[in-house]
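S.K.: Mind having a look at this structure? Questions to follow.
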Amino acid sequence: MDTTTLIIFGIALLAALCIGGIGLLFVGGESKSQKRMARVARGGAARLTPVEGEVDNNEKRRKQVQETLRDLEEKQKEQKKKISLRTRIERAGLEMEPRTFYIASVVAGVVAALFLKVAGLSLLVAGLGGFVTAFGLPRWVLSYLVKRRQKAFVEEFANSIDVIVRGVKSGLPVNDCLKLIATEAPEPVRTEFQGIVEGQRVGVTLEQGLAKIYERMPLPEVNFFQIVLSIQQKTGGNLSEALSNLSKVLRERKKMRGKIQAMSQEAKASAGIIGSLPPAVMAMIYFTSPDYMNVLFTTTAGNMIIVGSLIWMGIGVLIMKKMIDFKF
């Protein structure tokens, strides 16, 4: 075999070996890549399983929160539809029966009618004055007491929530924190939380106790507190963090309320001056020229003019009050 043939044979053998190696490389590489892809796919599926489970848990929790909020809204709508006199008396913090309130209203009306009759006014004017006093004055006083009590409750409610936050962070149960507020907090927060604590002793749930507080104190702050505790009981979560955020929100609302009151003082002062001018001018004329004003008190037409003027003045005062009463 000559040298040329050997060279050709060697080149062919090397070419065959190269082609075989390249083929084995591609086949083996494909197999390894497929194995790696299979392992990655299995690993990805294993990692996706807990993520999908977490998504399902979040979805369930979101539905529970929505159902809780829906139930609370329905209960609050039902409470707003029926507000009895007994509920209003409880909101004012008074301990009396509705019958006692009605008796006091009748007595106030009779006293006002007798006073107007003794003052020299006609029987019609005295009767109208007694009627307005009997149906207006006691309810106005009751409304004033309710607003004053609610204002005092809002002033101390954020501090009470801070007590619950510190108690929960230190390891105390929520019920013990409520007992602490029921014994140490100032009025009227103490009385309202005493109702929750006493109710739990006889089997009333915390959610029912909070609903009772909202019935006596229909305030947004109480509604927020009720929603936070109800959601935490049903879905779980960090109660101390949620209540801490709620406390911050309530304090910011308090600051905003103060700013609004400060900015609306000019409008309130203007309304007070406008509303006090007619009776002040009438009193000045009466003391300087009594004969000029006696016609209003001694004649039927004058009495009717006084009644009509009082009605129009009352409507004007109510309109001005509505204009300067800012809701936030």
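S.K.: Would you say K179 is surrounded by fewer than 19 Cβ atoms within 10 Å (Cβ to Cβ), more than 21 Å from the chain's Cα centre (by Cα) and either under 21 Å from K248 (Cα atoms) or not assigned by TED's automatic domain parsing to the domain that holds L246 (or both)?
M.R.: When the stated conditions are applied, K179 does not pass them.
S.K.: How about segment 296-328: which of its residues are of a type in the set (F, W, Y) and in a helix (DSSP H, G or I)? Don't jump to the end; show me each part of the working.
M.R.: Filtering segment 296-328 for residues of a type in the set (F, W, Y) gives 297, 312, 326, 328.
Within segment 296-328, F297, W312 qualify.
S.K.: Select, from R251, R257, the only residue that is surrounded by 11 or more Cβ atoms within 10 Å (Cβ to Cβ), of a type in the set (D, E, K, R) and modelled with pLDDT under 85.
M.R.: Values: R251 fails: modelled with pLDDT under 85.
Unique residue meeting the criteria: R257.
S.K.: Further question: Report whether or not P186 is in contact (Cβ under 8 Å) with a residue 12 or more places away in the chain, within 15 Å of R91 (Cβ to Cβ) and assigned by TED's automatic domain parsing to the domain that holds P98.
M.R.: So P186 does not fit the description; no.
S.K.: Now for a separate question. Only one of V163, V141, V146, V132 is touching a Cys at 6+ places or on another chain (Cβ under 9 Å) and assigned to a helix (DSSP H, G or I); which? Let's see the steps before the verdict.
M.R.: On the way: V141 fails: touching a Cys at 6+ places or on another chain (Cβ under 9 Å); V146 fails: touching a Cys at 6+ places or on another chain (Cβ under 9 Å); V132 fails: touching a Cys at 6+ places or on another chain (Cβ under 9 Å).
The unique qualifying residue is V163.
S.K.: Could you list, in sequence order, the residues of segment 157-174 that are within 22 Å of the chain's Cα centre (by Cα) and modelled with pLDDT under 85?
M.R.: V174
S.K.: What is the number of the single condition among (1) under 23 Å from K321 (Cβ atoms); (2) aliphatic (A, V, I, L, M); (3) surrounded by 13 or more Cβ atoms within 10 Å (Cβ to Cβ) that L277 does not meet?
M.R.: (3)
S.K.: Tell me the residue from A267, A262, A271 that is part of a helix (DSSP H, G or I), more than 30 Å from S170 (Cα to Cα) and touching a Lys or Arg at 6+ places or on another chain (Cβ under 9 Å), please.
M.R.: After applying the criteria, what remains is A271.
S.K.: Are any residues in segment 231-270 more than 16 Å from C177 (Cα to Cα), touching a residue at least 60 places away in the same chain (Cβ under 8 Å) and hydroxyl-bearing (S, T, Y), and if so, which ones?
M.R.: T235, S264
S.K.: Here's a check for you: in segment 214-252, which residue that is among the acidic types (D, E) and touching a helix residue (DSSP H, G or I) at 6+ places or on another chain (Cβ under 9 Å) is farthest from K147 (Cα to Cα)?
M.R.: Filtering segment 214-252 for residues that are among the acidic types (D, E) and touching a helix residue (DSSP H, G or I) at 6+ places or on another chain (Cβ under 9 Å), the one farthest from K147 (Cα to Cα) comes out as E241.
S.K.: May I ask you to list the residues in segment 284-306 that are among the hydrophobic types (A, V, I, L, M, F, W, C) and loosely packed, with under 14 Cβ neighbours inside 10 Å?
M.R.: Answer for segment 284-306, where residues must be among the hydrophobic types (A, V, I, L, M, F, W, C) and loosely packed, with under 14 Cβ neighbours inside 10 Å: M284, I285, F287, V295, A301, I305.
S.K.: Which pairs turn up if I take residues in segment 88-112 that are on the phi > 0 side of the Ramachandran plot and look for partners that are assigned to a helix (DSSP H, G or I) and surrounded by 14 or more Cβ atoms within 10 Å (Cβ to Cβ) with beta carbon separation below 6 Å, at least 6 apart in sequence or on another chain?
M.R.: What qualifies is G93/R149.
The values are calculated or read from the model by the stated rules, or taken from the named source; none is laboratory data. Just so you know, these numbers come straight off a predicted model, no measurement behind them. Neighbour counts run over all protein chains shown; Cβ positions are idealised from the backbone, glycine included.
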